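**Student:** Starting off with a structure, shown below.
The values are calculated or read from the model by the stated rules, or taken from the named source; none is laboratory data. The structure displayed is predicted, hence computed values, not measured ones. Note that each Cβ is placed from the backbone with ideal geometry, even for glycine, and that neighbours are counted across all protein chains shown. SASA here: full protein model, heavy atoms, side chains in, ligands and nucleic acids out. Shrake-Rupley method; radii C 1.70, N 1.55, O 1.52, S 1.80 Å.
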Amino acid sequence: MHKNEYNTIVVGVAFSPNLKANVFEALRMSVLFDTSLVMVHVGDKTDKKESRLQKIISSFDESLPKYTVLWKAGQPAEVLLNACIDEHADLLILGALQREGLLKYYIGSVARKLTRKCPCDVLLLIKPSVERKPCSYAVVNGLAHEKTERAISRAFYVLHALGASRLTVVEEISEEDVAVKVDDDRGLRRSNIVKERIQLREDSRVKKILSQIPKTFTSTVGHDVQPIFGRRGYSIGHFARVKRADLLVMNAPQKHTLWDRIFPHDLEYILSDLPTDVLIVR
């Protein structure tokens, strides 16, 4: 049996219309991954809130995982980050978050801060559901990067636990890598040859990674490799949306500089317009 890669899950709990859906999603994940769960509410603890939360938890119709509830004051990103550190979390789940006392829902700004600093994986849920919606198909980035092998391995682990049946490893290839001027048939042929060579090289690299994934996972999750040419981050997000993927798995970002914030790239495109649920692997 493969050992658990997730042992503790932290979830941000906001008293929004999505409260029950967020709590149920987190409870289900904890059961599927056989983990303990830490629910964190950023805001004041009141009898009314506590009663409402306990009523929702008790209505969960599966066996409850081991769980605790933390009530913390402060800024959402900082509170959740500290909770992940203190609780030694392996996964942070973020659904619809609400600023305490304000009817404003947000995920992008908090997600950006947490994906840069969080010590664990982060799962962003765009449409949490009370009733389970099976995860059948996922997309994972396969670009040439030191973190990619871990992202692909984690994608198989997660999909196996969720009972998903298919995974596409997307090799994002920048158009800059195919810097051939095309103004006649000869140029077009040269461009196609360059693309084919890059594609063969990338396929070979990804297949080597896939060969090292435990058979326990590859035997249950069908997988293929798909090269796409375009702007990194934007291209894979578009691919996931068009293919109606249930989950997109991405590498965690490197430390950002001011230059990166002026010219967004990779994960920034995904966070600005989430195409589906997104798992960011640390």
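**Student:** Identify, please: which residue in segment 99-123 is assigned to a strand (DSSP E or B) and either open to solvent by 40 Å² or more (accessible area, probe 1.4 Å) or modelled with pLDDT of 90 or more (or both) and is, among those, nearest to Arg154 (Cα to Cα)? Steps first, please.
**Tutor:** Restricting attention to segment 99-123, the residues satisfying the condition of being assigned to a strand (DSSP E or B) are 105-106, 121-123.
Those still in the list that are either open to solvent by 40 Å² or more (accessible area, probe 1.4 Å) or modelled with pLDDT of 90 or more (or both) too: 105, 121-123.
Numbers: Tyr105: 29, Asp121: 10, Val122: 12, Leu123: 12 Å.
By that ranking, first place goes to Asp121.
**Student:** Within segment 10-48, which residues are at positive phi and open to solvent by less than 20 Å² (accessible area, probe 1.4 Å)? Walk me through how you get there before you give the answer.
**Tutor:** Here is the first cut: in segment 10-48, the residues at positive phi are 34, 43.
The one that is at positive phi and open to solvent by less than 20 Å² (accessible area, probe 1.4 Å): Gly43.
**Student:** Condition check: assigned to a helix (DSSP H, G or I), among the charged types (D, E, K, R) and over 16 Å from Glu131 (Cβ atoms). Does Lys20 satisfy that? Quick ask: steps written out before the conclusion?
**Tutor:** Numbers: assigned to a helix (DSSP H, G or I): yes; among the charged types (D, E, K, R): yes; over 16 Å from Glu131 (Cβ atoms): no.
No, not satisfied.
**Student:** Is it true that Asn7 is farther than 15 Å from Val122 by Cβ, open to solvent by 60 Å² or more (accessible area, probe 1.4 Å) and in contact (Cβ under 8 Å) with a residue 40 or more places away in the chain? I'd like the intermediate steps shown before the answer.
**Tutor:** Details: farther than 15 Å from Val122 by Cβ: yes; open to solvent by 60 Å² or more (accessible area, probe 1.4 Å): yes; in contact (Cβ under 8 Å) with a residue 40 or more places away in the chain: yes.
Taking the combined requirement at face value, the residue satisfies it.
**Student:** Counting only residues that are modelled with pLDDT of 90 or more and among the small types (Gly, Ala, Ser), which one in segment 212-271 is farthest from Ser165 (Cα to Cα)?
**Tutor:** Top of the filtered list is Ala240.
**Student:** Those residues that are open to solvent by 10 Å² or more (accessible area, probe 1.4 Å), polar (S, T, N, Q) and either under 17 Å from the mean Cα position of the chain (by Cα) or modelled with pLDDT of 90 or more (or both), I need them from segment 147-192; list them, please.
**Tutor:** Listed by number, the residues that qualify are Ser153, Ser165.
**Student:** Restricting segment 54-72 to residues that are basic (Lys, Arg) and in contact (Cβ under 8 Å) with a residue 12 or more places away in the chain, which is least open to solvent (accessible area, probe 1.4 Å)?
**Tutor:** In the first step, residues of segment 54-72 are kept if they are basic (Lys, Arg); the result is 55, 66, 72.
Checking which are in contact (Cβ under 8 Å) with a residue 12 or more places away in the chain leaves us with 66, 72.
On the way: Lys66: 157, Lys72: 96 Å².
Here the residue is Lys72.
**Student:** Please give the number of the condition Ser51 fails out of (1) closer than 22 Å to Glu87 by Cα; (2) open to solvent by 70 Å² or more (accessible area, probe 1.4 Å); (3) in a helix (DSSP H, G or I).
**Tutor:** The number of the failed condition is (1).
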